[in-house]
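**Student:** Sharing a structure here in structure tokens format.
The values are calculated or read from the model by the stated rules, or taken from the named source; none is laboratory data. Keep in mind it's a predicted model, so treat the numbers as computed, not measured. Here the Cβ positions follow ideal geometry from the backbone for every residue, glycine too, while neighbour counts run over all protein chains shown. Side chains are part of the model used for accessible areas, which takes the heavy atoms of the whole protein and leaves out ligands, DNA and RNA. Shrake-Rupley method; radii C 1.70, N 1.55, O 1.52, S 1.80 Å.
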Amino acid sequence: MLFGLRNAAQTFQRFIDTVLQGLHFSFAYVDDILVTSSLQEEHLQHLRLEFQRLAEHSVNINPSKCLFGKQSLNFLGHHIDCNCISPLPGKVEAITAFPQPQSQRQLREFLGMVNFYRFIPHCAELMQQLHSLLQNPLSGLGRPRRLFRPLRTPWQKRPSSPTPSRWRLHASSRMHPM
């Protein structure tokens, strides 16, 4: 891939998606791949298939940047294990400590953080009224305290989402094209 391409990340993402197409146990985000398996033997088989596919497309893996056979790991701002997916504690702290928004910019910032982690039941419904404040600047930001609290409070309980039952062991790989 040539340097200086504006859409290099998108181009590489499409490439890696094509390379891993049909491997239902692989999840790629740019140069990170998460491989999920139920059993250790199955995990080794999944890794063999993945390495074969990557080799067919001339993609090299740097072993020093890989984690293999892990029961849990942090991936794209989430902690993933065989029981659940949850936001990283630092991210939860940022949401719970976020001050009452005093400007539309601060409100957008808060909504962006909450929107990234969709762990709160009925999150979209709770966010809808705050989003309406962005559309109507004359409504003022003084009254969203009652709208803001329901989105901030559930994070204090460390929300999580159950992982699919087939996820047991994980591996993350960083790839470098030839």
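**Student:** Rounded, prolate or oblate: pick one for the stretch 47-89, where a ≥ b ≥ c are the square roots of the eigenvalues of its C-alpha gyration tensor, a/c under 1.5 means rounded, and failing that, prolate if a/b is larger than b/c, else oblate. Working shown, then result.
**Tutor:** Working: a/c = 2.76, a/b = 2.31, b/c = 1.20.
Cα axes put the stretch 47-89 in the prolate bin.
**Student:** Another question, if that's okay. For the stretch 11-45, list residues with backbone N below 13 Å from a point placed 7 Å from the Cα of K70 toward its Cβ?
**Tutor:** 32-36
**Student:** In whole Hz, with x marking every Gly and Pro, tabulate ³J(HN,Hα) for the stretch 29-39 from phi via Karplus 6.51 cos²θ - 1.76 cosθ + 1.60, θ = phi - 60°.
**Tutor:** For the stretch 29-39, the Karplus curve yields 9, 6, 9, 10, 10, 10, 10, 10, 8, 8, 10 Hz.
**Student:** Assign one of three labels to the stretch 25-152, namely rounded, prolate or oblate, based on the Cα gyration tensor with a ≥ b ≥ c the square roots of its eigenvalues; rounded applies when a/c is under 1.5, prolate when it is not and a/b is larger than b/c, and oblate otherwise.
**Tutor:** On the way: a/c = 3.37, a/b = 2.70, b/c = 1.25.
Prolate, since a/c reaches 1.5 and a/b exceeds b/c.
**Student:** Ignoring ligands, DNA and RNA, please state the percent of accessible area on the stretch 1-89 from carbon and sulfur, probe 1.4 Å. Walk me through the numbers on the way to the answer.
**Tutor:** On the way: 3040 of 5450 Å².
Heavy-atom surface of the stretch 1-89 belonging to carbon and sulfur, 1.4 Å probe: 56 percent.
**Student:** Obtain the nm distance between the two label points defined at R149 and R53 by a simple spin-label model: each point lies 7 Å from its Cα along the Cα-to-C-beta direction.
**Tutor:** Between R149 and R53, the label points sit 4.9 nm apart.
**Student:** How much accessible area per residue does the stretch 20-126 have, counting only protein heavy atoms and a probe of 1.4 Å, in square angstrom?
**Tutor:** Details: 6040 Å² over 107 residues.
On a per-residue basis, the stretch 20-126 sits at 56 Å².
**Student:** Got a sec to turn the phi values of the stretch 43-60 into Karplus ³J(HN,Hα) couplings, 6.51 cos²θ - 1.76 cosθ + 1.60 with θ = phi - 60°, whole Hz, x for Gly and Pro?
**Tutor:** Once rounded to whole Hz, the list reads 4, 4, 5, 4, 5, 4, 4, 5, 4, 4, 5, 5, 5, 4, 9, 6, 9, 9.
**Student:** Treating the beta-carbon of each Lys and Arg as +1 and of each Asp and Glu as -1, no other charges, what is the dipole magnitude of the stretch 6-136 about its Cα centre, to the nearest 20 debye?
**Tutor:** Working: 10 positive and 11 negative charges, 78 e Å.
So the dipole magnitude of the stretch 6-136 works out to roughly 380 debye.
**Student:** Additional query: Using only the alpha carbon atoms of the stretch 12-73, find the Kirkwood hydrodynamic radius as the inverse mean reciprocal pair distance, in angstroms to one decimal. Could you put the intermediate results ahead of the total?
**Tutor:** Numbers: mean 1/r = 0.0823 Å⁻¹.
The answer is 12.1 Å.
**Student:** What are the residues whose amide H is under 5 Å from the amide H of L20, where those residues sit 5 or more places off or on another chain and H is modelled from the backbone?
**Tutor:** For L20, no residues qualify.
**Student:** When the dipole is taken about the Cα centre of the stretch 1-51, and only Lys, Arg (+1) and Asp, Glu (-1) are charged at their Cβ, what size is it in debye, to the nearest 20? Provide the component values of the computation, followed by the final result.
**Tutor:** Working: 3 positive and 6 negative charges, 55 e Å.
Value, rounded to 20: 260 debye.
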